[in-house]
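Colleague: I'd like to ask you about the structure that follows.
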Amino acid sequence: MSDALLSLNGVHTHIGPYHILQGVDLEVPRGGVTVLLGRNGAGKTTTLRTIMGLWQASKGTIQFDGTEIQKETTPAIAQREIAFVPEDMGIFTDLTVHENMLLAARNSAIDEERLGWIFGLFPPLKTFWQSAAGNLSGGQKQMLAVARAIIEPRKLILIDEPTKGLAPAIINAMIAALKELKEMQTTILLVEQNFSMARAVGDTVAVMDDGQIVYSGAMAELAADAGLQERLMGLSLEAHQ
Amino acid sequence: MIVKLLSGDRPRSKMLSAVLLLILFGLLFAPFLFPGTRSLDTAARICIFIVLVASYDLLLGYTGVVSFAHTMFFGIGAYGTAIALVNMGASYSAIALGTVCGALVAGAFAFVITLFSLRVKAIFFAMMTLAVASAFLVLVSQLSGFTGGEDGLSYRIPREMTPAFKLVKEKVLGVRLNGKLITYYVVFFSSLCLFLVLLRMVNSPFGRVLQAIRENAFRAEAIGYKVVRYRSVATILSAVMAALAGSLMALWLRYTGPATTLSMDIMVDILLMVVIGGMGSMYGAVIGAVLFLLTQSYLQNLLGLLQESLGSLPIVSEVVSPERWLLWLGMLFICSIYWFPKGIVGRLRGT
């Protein structure tokens with residue numbers, strides 16, 4: 001695809017003695033949601049962390065918006081307008097919700113209109129605006145983590161399993177938020193194990209196994225083909241349906 | 001106005017506000033409320049240590065950097081002023097030059113230390129600072145031609161700042177208005193200004209990033225902050241502040257030696273003051289310094305009084321003997337950490 005915002009070509013990543021990513025080729029088209037599926041340990045999180053420079057790619061290139069970024073430091077990559085919502089949410093628990101958002105906006109003033117929109121998506125953030133983020137519930141922390149990634153318009157948002165361990169009502173709020181972001185033409189790369197969530201928001205899909213992409217195509221195709229799902233993901237998919 | 005001076009960092013507890021006000025007025029009117037050389041000396045030390053401890057808290061409490069080189073920076077400031085006064089004579093220009101040079105050298109030293117060691121893990125940075133500080137202490141003791149060695153340096157300060165200078169002939173409220181009093185107020189107002197500057201720093205966007213780094217450095221990087229750079233700037237600012245506090249100490253004591261500025265004992269005291277007062281709060285530095293120095297100065301007297309009144313009881317009077325004051329000091333610290341694990345300010349704020 002020529003209009004890919006992000007493309008990984010033959011990316012290898014080693015973590016200590018382990019060879020985790022073994023030649024990942026992945027294209028993330030502009031203005032859509034790409035879902036990265038795969039069983040536990042397939043390398044999905046490592047892919048996101050390698051894109052952010054939190055692990056250094058030992059081989060291969062990562063192109064973002066026409067520039068190679070695989071040698072850059074994490075802060076430099078983040079400043080290229082890539083937001084990352086890690087699996088552990090990584091919020092600053094000692095700081096207030098407000099301060100967490102200020103940090104995410106990198107100390108430029110928070111856009112009131114955008115903040116109003118975020119409060120509409122995640123009302124609890126407004127209620128607990130001045131409380132320490134450590135006192136929020138798990139679902140509220142996840143809301144804050146996503147809100148932090150979208151407080152400023154970013155070119156690309158990487159989200160690692162936003163629905164993990166959350167109640168269905170909060171999952172629905174997440175789906176609604178991602179759908180709104182999609183309408184605003186935001187490019188999102190989403191790691192997800194929950195297939196119904198993936199199907200609800202994904203435009204394109206890539207399936208990983210053993211550190212490689214084993215399938216990529218349109219979400220609609222995969223969603224319609226039960227045999228393909230079975231072949232690609234086997235039990236892990238059924239368990240989440 | 002007051003909130004603005006405090007950079008929006010309200011004490012957030014009535015009790016804490018009351019205690020802070022009490023300390024502020026106590027120090028402001030100390031020469032009149034508690035006349036006498038010894039109490040004035042304690043008050044001046046409290047002012048200086050508030051700045052020193054607060055600048056250490058900027059590193060430890062706000063940024064999460066453990067350093068044992070803080071007394072080294074304190075010493076560099078003190079020696080800067082002392083050496084200038086020895087070599088240039090008792091003039092204000094010597095004080096100014098010494099203070100500025102001390103601060104600059106401390107900042108440069110801190111910069112060099114951060115260059116080669118902030119990238120390493122926390123414990124190695126702590127060990128590195130310990131090594132550098134110990135080496136510096138030995139160096140100062142050995143370069144006796146320049147630093148006075150173990151004996152330190154004694155020097156004169158401008159006449160207007162010495163007890164020999166009389167502002168007015170008569171006593172005011174029973175206190176002689178002499179040069180020592182002027183020096184006290186120089187120390188007091190300089191410390192107050194430095195403290196407010198530190199308060200401003202930690203409540204700025206810069207301070208917020210430091211807190212984020214303390215909690216999760218990787219996360220701060222992923223948002224786009226260069227962690228090493230922020231840590232370095234915090235280390236340098238903290239060193240400069242410590243050096244300025246050192247210059248005030250040199251001015252107040254009219255003597256600078258390894259024991260009053262560089263020793264590891266002072267380093268441990270600073271650590272205790274930060275922890276007792278409450279890490280990660282500038283007000284903790286105030287409370288910690290006041291409590292610690294008052295205890296250090298007056299516990300012996302208190303024990304003496306106790307022993308007198310309990311003189312008839314054989315074992316008890318032995319235990320509360322003033323000679324055993326260090327034992328009681330240690331017990332007090334253990335108790336305070338047991339009951340206030342988040343420091344006194346943490347407890348007062350109910351967090």
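Only the coordinates and a few stated rules stand behind these numbers; no lab work does. The model shown is predicted, which means the values in this text are computed figures rather than measured ones. All Cβ positions, even for glycine, are placed from backbone atoms using ideal geometry, and neighbour counts span all protein chains on display.
Colleague: Please report the Cα spread of region B:20-76 along all three principal axes, rounded to whole Å, starting with the longest.
Modeller: Over region B:20-76, Cα extents along the principal axes are 40, 25, 11 Å.
Colleague: Between A:Lys59 and residues 5 or more places away or on another chain, which pairs have amide H atoms under 5 Å apart, with H built 1.01 Å from N, and which residues are they?
Modeller: Amide H neighbours of A:Lys59: A:His12.
Colleague: Express the C-alpha Rg of region A:2-61 as a ratio against the empirical globular expectation 2.2 N^0.38 Å, rounded to two decimals.
Modeller: Compactness ratio reported: 1.11.
Colleague: For chain A, what is the percent of antiparallel DSSP beta bridges, rounded to the nearest 5?
Modeller: 55
Colleague: Ok, one more. Which of rounded, prolate, oblate describes region B:1-100, given a ≥ b ≥ c as roots of the alpha-carbon gyration tensor eigenvalues and a/c under 1.5 marking rounded, otherwise prolate only if a/b is larger than b/c?
Modeller: Here region B:1-100 falls in the oblate category.
Colleague: Could you work out the mean count of beta carbons from other protein chains within 10 Å of each residue's beta carbon in B:222-234?
Modeller: That average works out to 5.
Colleague: As a test, work out the antiparallel percent of DSSP beta bridges whose residues both lie in the protein assembly as shown, rounded to the nearest 5.
Modeller: 60
Colleague: Just need the relative contact order of chain A here, percent rounded to a whole number, with Cα pairs under 8 Å and 6+ apart.
Modeller: Reported as a whole number, the value is 27 percent.
Colleague: Which of the lysines could a cross-linker span from A:Lys141 if the Cα-Cα distance has to be under 16 Å and same-chain partners fewer than 8 positions apart are dropped?
Modeller: In chain and number order, the partners are A:Lys126, A:Lys164.
Colleague: Obtain the nm distance between the two label points defined at B:Ile315 and B:Glu170 by a simple spin-label model: each point lies 7 Å from its Cα along the Cα-to-C-beta direction.
Modeller: 5.9
Colleague: Where Lys and Arg each count +1 and Asp and Glu each count -1, what net charge lies around A:Thr67 among other residues with Cβ under 13 Å from its Cβ?
Modeller: Taking every other residue near A:Thr67 into account, the sum is -1.
Colleague: Could I ask something else about it? Restricting the calculation to Cα positions, tell me the Rg (one decimal) and the Dmax (whole number) of the protein assembly as shown in Å.
Modeller: 30.0, 103
Colleague: Can you tell me the Rg and Dmax of region B:175-320, counting just the alpha carbons, in angstroms?
Modeller: When restricted to Cα atoms, region B:175-320 yields Rg and Dmax of 20.6, 69 Å.
Colleague: Shifting gears a bit: Relative to the compact-globule scaling 2.2 N^0.38 Å, provide the ratio for the alpha-carbon radius of gyration of chain A.
Modeller: 0.98
Colleague: What is the projected area of the convex hull of the Cα atoms of region B:137-250, averaged over all directions, in nm²?
Modeller: Projected over every direction and averaged, the Cα hull of region B:137-250 covers 11.2 nm².
Colleague: Now for a different question. Put a dot 7 Å past each Cα toward the Cβ at B:Phe146 and A:Lys155; how far apart are the dots in nm?
Modeller: 5.1
Colleague: Further question: May I have the extent of the alpha carbons of region A:93-153 along their three principal axes, as whole Å values ordered from largest to smallest?
Modeller: So the three principal-axis extents are 26, 22, 16 Å.
Colleague: What whole number of Å gives the distance from the Cα centroid of region B:162-218 to the Cα centroid of region B:70-143?
Modeller: 20
Colleague: Among A:Ile175, A:Ile82, A:Ile15, determine the one that fluctuates most according to a GNM of chain A built with springs between C-alpha atoms less than 10 Å apart.
Modeller: For chain A, modelled as a Gaussian network with Cα springs under 10 Å, the answer is A:Ile15.
Colleague: Is chain B best put as rounded, prolate or oblate by its Cα gyration tensor, with a ≥ b ≥ c the root eigenvalues, rounded for a/c under 1.5, and otherwise prolate when a/b is larger than b/c, oblate when not?
Modeller: Judged from the Cα gyration tensor, chain B comes out rounded (a/c under 1.5).
Colleague: Once you average over the residues of A:85-98, how many Cβ atoms of partner chains fall within 10 Å of each Cβ?
Modeller: So the per-residue partner count for this stretch is 3.
Colleague: What does the helix-only formula give at 222 nm for chain B: each DSSP H stretch with n ≥ 4 adding -39500 (n - 2.57), the total divided by the residues, and the result rounded to the nearest 500 deg cm²/dmol?
Modeller: -23500 deg cm²/dmol
Colleague: Among the lysines, which have Cα under 24 Å from the Cα of A:Lys71 when same-chain residues fewer than 8 positions away are ignored?
Modeller: Here the lysines satisfying the reach criterion relative to A:Lys71 are A:Lys44, A:Lys59, A:Lys155, B:Lys121, B:Lys226.
Colleague: Right, something else. On a full-extension model of 0.36 nm per residue, what is the gain between A:Glu230 and A:Glu112, subtracting their alpha-carbon distance, rounded to one decimal in nm?
Modeller: 37.8 nm
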